[in-house]
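The values are calculated or read from the model by the stated rules, or taken from the named source; none is laboratory data. For clarity, every value in this text was computed on a predicted model and none was experimentally measured. When we count neighbours, we look across all protein chains shown, and the Cβ atoms used for this are built from the backbone with ideal geometry, even at glycine.
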């Protein structure tokens, strides 16, 4: 699809975003105009409870398809650079030559939860969070790698550990590297030093019971996984001849390492300073604010994410099941898979509160957000024979927005600033969703004028321009958006308390992970 009459003079940057369900690509001019875009999907295998795996070969096939589609719109002779963005934490265990060992373990995979719990116990949960800025659960690369060492394809070996984006960067350039924002997803990156914390790595593989299959082995660095060097997000290397032939790219084209999809989505939404909040609604929802310097939360309610530039940091909370929850409900109701627009249209037919129906939206094998409780499960409360399809849609919308309110209140408490919410994704163009989000949070909700704005890929492309010293566009133009209705504050306060009473009434599972009281104070 061409969005512009054609590229005029000046550089054309390509942004590739390796997302949860597809690889998205854009061609961007130095004025910020998108002149071409393409995407290619790949499947996620779920071979067992809590499992979520993808084939790295499928990522390469998607990259080849997207590159070909962009080249058909904008000749590669015009391309100046490629910037990368990617989901995290998604694990690729790789051999010395970069070949993937088995399937990639995506961030949706929860099978290493026990390893994450044991790592927190071995290091000390507070100390681990203070060092890494992460509440390290089973979705992080280090616990997932420890699990593979004892149960999976990598048993008995010490492979290299790469994030998804970094594996793609190495396939393109033969250069091993990760950036600080992606390194945070390993669970062993020190925010203070900007380097790997080897004591945490050793704890994951030696001090955690069962963490190493060979307890009598010598504790040498050779027995540990090989972690990539941490480089700036602007680190650049050229496309190799092998990659050029495989993916149809010009040999020598500069590739910029890039950053996590959440970080570059914030850039792509113009969220670069404290105040505004990036709300990136996809399979999950990322809620990311900016702090001017490093800050951690004693209650572990947010993650600390290095940005694509030194200095400020991102304060991030991720709701595990949002777009995926919409897809689940659409399937239950016999609608086309992932028909988000129809679900939110149905929700708009019912007033907030869904006539007493509550849907706690913890459908993704636990919740992160500001709660970080893997034991939470999606729950319907108050259902009667009078409730129908539209009530279910409304209750899901209310549940997601109320969890979003919790996260936004934590950001306000931490930074002291409550600015606009800038939304990316299909939800940004749903009147029911944006009105609900504005009224429930008391904040103006805005979005990029371009209905299909690919925030992460656009952020990757503009970062690549910056890395090469080329002209960089200003932030994209935002719509005026929707202001909150002052009269809705009281009713939404009442709905918040109903939501919390329902959550707190859930029975505690036997293996519940204790959390601090500070995780439940939003909206009070």
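What to note about this one:
- The stretch 49-72 - residue that is part of a loop (DSSP other than H, G, I, E, B) and touching a strand residue (DSSP E or B) at 6+ places or on another chain (Cβ under 9 Å) and, of those, farthest from residue 465 (Cα to Cα): 51
- Residue 352 farther than 22 Å from residue 288 by Cβ, touching a helix residue (DSSP H, G or I) at 6+ places or on another chain (Cβ under 8 Å) and either free of Cβ contacts under 8 Å to residues at least 40 places away in the same chain or outside the structural domain of residue 503 (by TED's automatic domain parsing) (or both): no
- Considering (1) closer than 14 Å to residue 432 by Cβ; (2) within 16 Å of the chain's Cα centre (by Cα), the lone condition that residue 324 does not fulfil carries the number (1).
- Qualifying residue in the stretch 253-266 (condition: surrounded by fewer than 24 Cβ atoms within 10 Å (Cβ to Cβ), in contact with a helix residue (DSSP H, G or I) (Cβ under 8 Å, 6 or more places away or on another chain) and either modelled with pLDDT under 95 or under 23 Å from residue 126 (Cβ atoms) (or both)): no
- Among the conditions (1) closer than 30 Å to residue 293 by Cα; (2) at pLDDT 95 or above; (3) not in a helix (DSSP H, G or I), residue 89 misses just one, which is (2).
- Filter pass, residue 355 being over 16 Å from residue 503 (Cα atoms) and under 26 Å from the mean Cα position of the chain (by Cα): no
- Leading residue by the ranking (farthest from residue 87 (Cα to Cα)) among those in the stretch 30-48 that are part of a loop (DSSP other than H, G, I, E, B) and without any contact (Cβ under 8 Å) to a residue 24 or more places away in the chain: 47
- Residue 312 meets all of the listed conditions (1) in contact with a helix residue (DSSP H, G or I) (Cβ under 8 Å, 6 or more places away or on another chain); (2) within 25 Å of residue 420 (Cα to Cα) but one, namely (1).
- Of everything in the stretch 2-21 that is touching a helix residue (DSSP H, G or I) at 6+ places or on another chain (Cβ under 8 Å) and at pLDDT below 95, the residue that is nearest to residue 171 (Cα to Cα) is 19.
- Residue ID - surrounded by the fewest Cβ atoms within 10 Å (Cβ to Cβ), chosen from residues in the stretch 404-449 that are in contact with a helix residue (DSSP H, G or I) (Cβ under 9 Å, 6 or more places away or on another chain) and in a loop (DSSP other than H, G, I, E, B): 417
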